[in-house]
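Asks: Here it is, the structure in full.
The values are calculated or read from the model by the stated rules, or taken from the named source; none is laboratory data. No experiment lies behind these values; they were computed from the predicted model shown. Here Cβ is always computed from backbone atoms with ideal geometry, including for glycine, and neighbour counts include all displayed protein chains.
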Amino acid sequence: MVASKIKFFSDLWQNFKNFVVFQFAKIKKSLKIAKQKKLDKKIVGLLNKKKLPNWQQFKQLSKVLTPKETLLIKILFGLIIAVFIFLLYANYFQKLTTLPKNGGEFSEVLIGSPLYINPILAHTDADQDISALIFSGLLKYNRDLELVPDLAEKYEISEDQKTYTFHLKQGAKWHDGEKLTASDIVFTVLSIKDPDFKSPLSRSFEGVNIEKIDDYTVKFTLLEPYAAFLNIMTFGIIPQHLWYDIPPSSAKLAIYNQKPIGSGPYKSRSLIKDKQGNIKAYTLEKNKNYYGQEPYINKIIFKFYPDYETAINAFINKEVQNLNFLPKEYLDKFANKRELNLYNLIISQYTAIFFNQKNNEILKNKNIREALTYAIDKNKIIEDVLKNQGQSIDGPIPQGFLGYNPDIKKYGYDPQKAVELIVNDGWTLRDEIFYKKDEELKIILTTVEQTTNIKVANLIKEFWDNIGVNTELQIISRNEIEKEIINPRNYQVLLYGQIIGYDPDLFPFWHSSQTSHPGVNLAGYINRRADQLLEEARLTNDPNIRDEKYREFQNLLIEDLPTIFLFNPTYTYPANKIIKGIEIQKIAKPFDRFIGIENWHIKTKKRFIK
C-alpha cells in the first residue's frame, strides 16, 4: 500500500517537472524568436541609403514584410529580371549583323546564242552580256551611271580638252596570269581602228591617236574636243599576247571569241553546244585574282533560248532562276511569283514616232503634224500596253540624265483640237475620213514586228482613225527592219525606239549631217541653229554649259515637231530572291544590270559587332 502511494507521488513529481521544463523551453523559444525579429529589424535598419542591399539583407525582407508585401516584391523583382533579359537580348541582336559570304551560283536566260564573246566584236545582247563580266575597261560605271576608275588608277585631261592621259593600276592580270600593261591598251585600240578587224566600235575612234608613254601610262590625242570621249573609255581591253599573231581578217574565227581570256571579275569556265554547234549553256566562275573586289558568287550559268516564249516556259519549269529581261506582255504571268524580285530600271531609251516628210507631202504641213500629236493619248499607251512600266515623255532626254528639260513644251491629249487644226487647214470630213479636194488624208505607219510595238501601233492607228486620218499599218520583221526600212529611210511615219546611251550626245540622232545611213537622224531633221547647239555641246566638258545647250536644242526640236516623243520604258529585270545586293536603279544598255555584281551574294553569315 505504501509502495503504491510512493509510486503515485513519484509519477506526479515527474509530470510536474516535465511540465515546468516544457514551459521554460517554450518561453525561451519565444524570447529567442523575439530577439531574432529584433535583430532582423536591426539588420534591415542598418541598410545604407547610398548602397544597394547585400544578399543577407535581402533574405531578411520576408521576415519583416507581410505576405502581400512579399508577393509585390517578388513580382517587381521578376519584372526587373525580365526587362534586363529583354534589353540584353535586344542589344545582342542590334549588334548582330548579316554579312555577305562567298559561295553559291545562279543561272540566267539569254536570248539567242553568243557569237563573239569579245568586247571589240560583240554586237548582240548575248555577246555583250557575257563580255561585260569577263573583260575590263579603263573606266566603268557605278550604280548611278557615273564614271569611275577601273583598270585606270587616274587620268588627266589637257586644258584644250584634246589630250587624255591614263595611268594604269599596277597589279592587274589577265585570267591566264600574265600582266596587263599599256601595250594591251594600245593593241586593243589599234585593232578597233583596223578596218580588217571590222569592229562595231571603229567609228568611236575615228580621229583618235593613242601612244604608249611607259608600261603603265597611255595617252589619247583627239583632233578636236569631244565631251563624250570618257564614256568611250569603258571599252573592254583584249590581251595582246594572245591576239597578236591572229590576222585581223581572221579575228572572227579565233577560238578566243568563245573561250576568251579577260581581266574582269569573272572568267570563262566551260560551254555546252548542241549538234548544230550553237552554244546552249555558258558557265563563268569568279576570278579569285581580280584586281578589284573579289565577287561573292562562285558561278554564273547562262542558258540560251531562241525567244522569250521558250525562255519563260523554261523559267516556269524552274530550268533557270533569272531572266535577262521581262517583256511587258508577260508581266501578268509574273505578278504572283513570290520567289522573284522585279527590278524596274530606268533606261536612257525612248520610243517615238518619226515623220519622214520626204516620203509624204502631207507631213510637211506642221498643222497636220500637230493634229497627229494632239490625237495621241500617251497615258492610255502606258496603262494598256506598258502596264504602267514606263513614263510619258515630251523630249529625247529622259528624266535623271544630263540635259533633261522639265519645262519643254507639252502637247496634251486633245482630239477636239486635233480635228480643229485639220479643218482650219482646209480639209473636209467625208465618210469619217478627211479630204482636201480629191486628196485623202492618209498615212502609212511602219514599225518592227515586236509585241509591244505592234500594240502601240494599233493604238496609234485607233487614235488617228478617230480624228479622220486614214492610217495603214506596216509591220516589218526584226531581220528586215534595218536593211529594208531604216537604212534607206523607206517609210512615211516610223514607230521606233532609240537608245541614247550614257552621255546625252544628241548629235548622231538630230544633227543634219546624220540624216542618211549610218546616221540615225530618222526624222531627217534639219535646223541650222539646232546643228550649232549640238556641235557646241559636244565640244565642252562643262556639264552646266552642255545642259544649257541641250535644253535650248530641245525647245527648238519640239517647236519644229519632226517627231512625237511617246514614252520612256522601264527595263524589267526579274532576279531570284536568293540573290541579294542588287542595287542598280538605272541603266543605259542591257548589260548594265550587272553593275556592282561583285556585291551580289547568295550566302550570308552572322557577325557580332562590338
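Asks: Among the listed residues Ser131, Ser158, Ser136, which satisfies the condition of being small (Gly, Ala, Ser) and more than 30 Å from Ala575 (Cβ to Cβ)?
Replies: That would be Ser158, the only listed residue that is small (Gly, Ala, Ser) and more than 30 Å from Ala575 (Cβ to Cβ).
Asks: Looking at the range 446-485, which of its residues are without any contact (Cβ under 8 Å) to a residue 60 or more places away in the chain and closer than 17 Å to Ala371 by Cβ?
Replies: Answer for the range 446-485, where residues must be without any contact (Cβ under 8 Å) to a residue 60 or more places away in the chain and closer than 17 Å to Ala371 by Cβ: Lys461, Glu462, Asp465, Gly468, Asn470, Thr471.
Asks: Any residue at all in the range 239-247 that's part of a loop (DSSP other than H, G, I, E, B), more than 14 Å from Pro119 (Cα to Cα) and touching a residue at least 40 places away in the same chain (Cβ under 8 Å)?
Replies: yes
Asks: Given the condition touching a helix residue (DSSP H, G or I) at 6+ places or on another chain (Cβ under 8 Å) and not in a strand (DSSP E or B), answer yes or no: does some residue in the range 346-358 qualify?
Replies: For the range 346-358, residues touching a helix residue (DSSP H, G or I) at 6+ places or on another chain (Cβ under 8 Å) and not in a strand (DSSP E or B): present.
Asks: Determine which member of the set Lys337, Lys366, Lys333 is at pLDDT 95 or above and either assigned by TED's automatic domain parsing to the domain that holds Val109 or more than 18 Å from the chain's Cα centre (by Cα) (or both).
Replies: None of the others qualify; the one that does is Lys366.
For every residue, the table says whether it meets (1) of a type outside the set (A, V, I, L, M, F, W, C); (2) part of a loop (DSSP other than H, G, I, E, B); (3) modelled with pLDDT of 95 or more; (4) over 25 Å from the mean Cα position of the chain (by Cα).
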| residue | (1), (2), (3), (4) |
| --- | --- |
| Leu145 | no, yes, no, no |
| Lys154 | yes, no, yes, yes |
| Phe166 | no, no, yes, yes |
| Thr188 | yes, no, yes, yes |
| Ile192 | no, no, yes, yes |
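Asks: Scan the range 412-445 for residues that are touching a residue at least 24 places away in the same chain (Cβ under 8 Å), β-branched (Val, Ile, Thr) and not in a helix (DSSP H, G or I) and report the count.
Replies: Within the range 412-445, residues that are touching a residue at least 24 places away in the same chain (Cβ under 8 Å), β-branched (Val, Ile, Thr) and not in a helix (DSSP H, G or I) number 3.
Asks: Looking only at residues that are hydrophobic (A, V, I, L, M, F, W, C) and in a loop (DSSP other than H, G, I, E, B) in the range 168-186, which one is farthest from Arg538 (Cα to Cα)?
Replies: For the range 168-186, the residue satisfying everything is Trp174.
Asks: How many residues does the range 421-439 hold that are crowded, with 16+ Cβ neighbours inside 10 Å and not β-branched (Val, Ile, Thr)?
Replies: 5
Asks: To continue, here is another question. Which residue, of Lys259, Lys273, Lys212, Lys288, is under 25 Å from the mean Cα position of the chain (by Cα) and either of a type in the set (D, E, K, R) or surrounded by 17 or more Cβ atoms within 10 Å (Cβ to Cβ) (or both)?
Replies: Matching residue, one of Lys259, Lys273, Lys212, Lys288: Lys288.
Asks: Surrounded by fewer than 16 Cβ atoms within 10 Å (Cβ to Cβ), under 30 Å from the mean Cα position of the chain (by Cα) and touching a residue at least 12 places away in the same chain (Cβ under 8 Å): does that describe Lys409?
Replies: no
Asks: So which residues in the range 581-606 are surrounded by fewer than 18 Cβ atoms within 10 Å (Cβ to Cβ) and assigned to a strand (DSSP E or B)?
Replies: Lys603, Thr604, Lys605, Lys606
Asks: A follow-up question, please. At negative phi, in the same structural domain as Leu133 (by TED's automatic domain parsing) and surrounded by 18 or more Cβ atoms within 10 Å (Cβ to Cβ): which single residue out of Tyr305, Tyr374 fits that description?
Replies: Unique residue meeting the criteria: Tyr305.
Asks: Using beta carbons and a limit of 6 Å, which pairs, at least six apart or on different chains, have the first residue in the range 273-293 and within 17 Å of Ile261 (Cα to Cα) and assigned by TED's automatic domain parsing to the domain that holds Ala126 and the second one assigned to a strand (DSSP E or B) and of a type in the set (Val, Ile, Thr)?
Replies: Cβ pairs passing all conditions: Thr283/Ile301; Leu284/Ile300.
Asks: So, one more: Within the range 175-195, can one find any residue that is farther than 23 Å from Asp245 by Cβ and either in contact with a Lys or Arg (Cβ under 8 Å, 6 or more places away or on another chain) or in the same structural domain as Leu138 (by TED's automatic domain parsing) (or both)?
Replies: Scanning the range 175-195, I find no residue that is farther than 23 Å from Asp245 by Cβ and either in contact with a Lys or Arg (Cβ under 8 Å, 6 or more places away or on another chain) or in the same structural domain as Leu138 (by TED's automatic domain parsing) (or both), so the answer is no.
Asks: Considering Leu533, Leu556, which residue is assigned to a helix (DSSP H, G or I), farther than 24 Å from Ser204 by Cα and in the same structural domain as Leu495 (by TED's automatic domain parsing)?
Replies: Checking each option against the conditions leaves just Leu556.
Asks: So, one more: Determine whether Leu495 is hydrophobic (A, V, I, L, M, F, W, C), assigned to a loop (DSSP other than H, G, I, E, B) and closer than 30 Å to Ile443 by Cβ.
Replies: No; evaluated as a whole, the condition is false for this residue.
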